[in-house]
Amino acid sequence: MFQPVRNLLNPKFEGYKLNALDQENVVFRYPIENKPKQTTISGRSPLSFQEVQSRIKHNHLTIGPNGKVVYIDEEYKLIQVILDEATLTPSFHVLYELPKPIQSPLTDDTLHPEYPSSVFVTPSILLVSDGFGNLFVLELENDGQARLMNTFELSIPESYGSSRSTVPFRIHHALHKPKTSTSCVAILSSRFYPVPPSNEESKRKRINISNVEFDIWAVSIDLDSMAQDQSIPVDIAWHRRGGSVPTYVFYDETRETFVLFGGSNYRALDTPQSPEEYQPTADEIAPIPRAGENLDSDTVAVDDTILPPKPPPYSWTQTDDMVTIAFPLPSSTPKSAIKVALSPTSLTVLIYGGQDILSGGIPLPKYSSKSLWDGIKSSSSLWTWDKEAEHTFGLLTLHLEKQHEGTRWSQVFASAGTKPSSSLSPNDDDVEVPETLDPSELHAIREALEKYTIALQKGEDPSGLGLGHGVPSLGEGEMDESIDSTIGDVTYVSWVGLNGDVPLWSNSPGLDTPINVLSTPLPGSSSPTSLSVILKNTLDGVVFSLQPASNFADPPNWSHTSTFSVLSFVLASKRDTRFVHHIGTKAVLAFESGARDLGGNVYIYRNTAKANDKSAQQAVLKIGKGGGSLLGVGMLRNGKGGEVIVCLCEEEWVVMSNVL
């Protein structure tokens, strides 16, 4: 689904150059009286990792149409922030005061409150959640106040298996229901509280807070319903359940489909949950004997004749991003006799002019358009041939770069372990080969590549492919794979129709494959009808935009529109990052959370002016000076159409202008 375009990648990029901005002229701070809060009341039961992560990434600012900005303070007051068009000086107005939730010793302290959240349905209608299970529909009036239209609650039917009838929830998205002006659809998320097991079951089961699940609700709200003294239950349009809180929600009008980004797939209740992969311990791993095999001996008995074990047709191993396959060949095989062809889904290996069977009964590799277990990046995969002239056999080694980084292959070929088709050659050995490399073969591979490694370190180019000299200056002495591999959020993309139906193309290959998201759009910077994300591609950040469909039956089409070179590499050094957002293809902003005594920084990485430029500009600005942690970010436009970055801290309001 996400295929980078080679012409939009920039292998000549060397690094970012600091563009020093005058802090005093571009960053302005204003104290605030209506202070937001960062923590909520917690019970005796601990929060799960997913809940903690969701609260850290929660954006307390809501950017609405026409540049309206609101947030909810610690007293549950809805505050609107208005910037003066000329001076950008903020003014704070209390629109509405939500009822304060009442906490008592009898309150169920196993329910974890959410942060208050809000979202605009129209420029004048706002949905607000207090984080305790109440949903308020407010209408912004011309006098600068908000009028309460109605109050709703999420009432959970017993069929959903919840032990609670109402739970705290968070609002992610809302839109006017098409073809109507009196109702809207809102996307909510809440923690799933299952019915507790019986006493006997509880003795056998250990509670594991890392295995919590979350409910995703699409609720229909009648905006013209008559106001009641008590909260009205919302109508549940559809429901999904997954292992994490959604990180981003978007509605694709052209496909009439919601797009849910999160750390897991979101399934319907009638869809079975994928079983967790069991990882056996070293003591539990034991080989399985095959027909005629004696595990206590290195030999195999066939018709009462002792024969040495037959080696597999190849050996292979894998890392997070690479699959290495080694085929034994006679050392006398000329390179011209070897044909290797790679496609994103198949492999062809043929040897011309040789005998079909080597000495010892080992067949020559003969694979014609053989389907691989998973996709590869054929353009960046390669093969090497080491003759090992002093030995009988050499090694034909294939280095295949995985298309889906982080996915573990269970075997090399899609049909391994099945009976070969009658159309296949008898030499096309279709047996399943375990993921092992014989130590001698592994040594041969390393020895074969050692000369290339040494040559690169000395500044030579033994391949003759113009790969450059030595390690790139940007990464020399700086690369740490253990840190670089953790950058970004492993994200699944789930598609749900407006009415909860499953799109016909939702089962297409690749749709359920996780991606590594580096950045999402900065709130207020993009149109509500357009979507772009930045994904990790080796060291780069690649911008993919969702293309509109001609009709709702068209499958998703993600287009590579731009590249932020080595973005993944530079973000790896930012260990206190709270928000990472981009403004189209113009710039990426990484915001640090900061602390009460030390305000965090914002790192601005601009895109290159031309596709092949060797450098781009970077700026670093201090967000706050003792104003507390950063809680929310967004973008507005001034009277001249320029970008204005706004930040909400615990005790300060920060405005940045003319920084892009």
Can you tell me which residue is modelled with the highest pLDDT among those in segment 219-235 that are of a type in the set (A, V, I, L, M, F, W, C) and touching a Leu at 6+ places or on another chain (Cβ under 8 Å)?
VAL219
Just checking, does segment 547-555 include any residue being under 18 Å from the mean Cα position of the chain (by Cα), under 23 Å from VAL259 (Cβ atoms) and not aliphatic (A, V, I, L, M)?
no
I want to confirm something. Restricting to segment 526-549 and keeping residues that are of a type in the set (Gly, Ala, Ser) and modelled with pLDDT of 90 or more, which single residue is nearest to LEU9 (Cα to Cα)?
GLY541
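Yes or no, residue by residue, for (1) closer than 18 Å to LYS17 by Cβ; (2) touching a helix residue (DSSP H, G or I) at 6+ places or on another chain (Cβ under 8 Å); (3) in a strand (DSSP E or B); (4) among the aromatic types (Phe, Trp, Tyr):
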| residue | (1), (2), (3), (4) |
| --- | --- |
| PRO548 | no, no, no, no |
| PRO555 | no, yes, no, no |
| HIS560 | no, yes, yes, no |
| THR563 | yes, yes, yes, no |
| HIS581 | no, no, yes, no |
| THR585 | no, no, no, no |
| VAL588 | yes, yes, yes, no |
| ALA611 | yes, yes, no, no |
| GLY624 | no, no, no, no |
Out of (1) more than 17 Å from PRO523 (Cα to Cα); (2) without any contact (Cβ under 8 Å) to a residue 40 or more places away in the chain, the one THR608 does not meet is (2)
So SER343, is it modelled with pLDDT of 85 or more, under 17 Å from TRP409 (Cβ atoms), of a type outside the set (D, E, K, R) and out of contact with any strand residue (DSSP E or B) (no Cβ under 6 Å at 6 or more places or on another chain)
yes
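The values are calculated or read from the model by the stated rules, or taken from the named source; none is laboratory data. Predicted, not measured: the structure shown is a model, and the values here were computed from it. In this analysis, Cβ positions are derived from the backbone assuming ideal geometry, glycine residues included, and neighbour counts consider all displayed protein chains.
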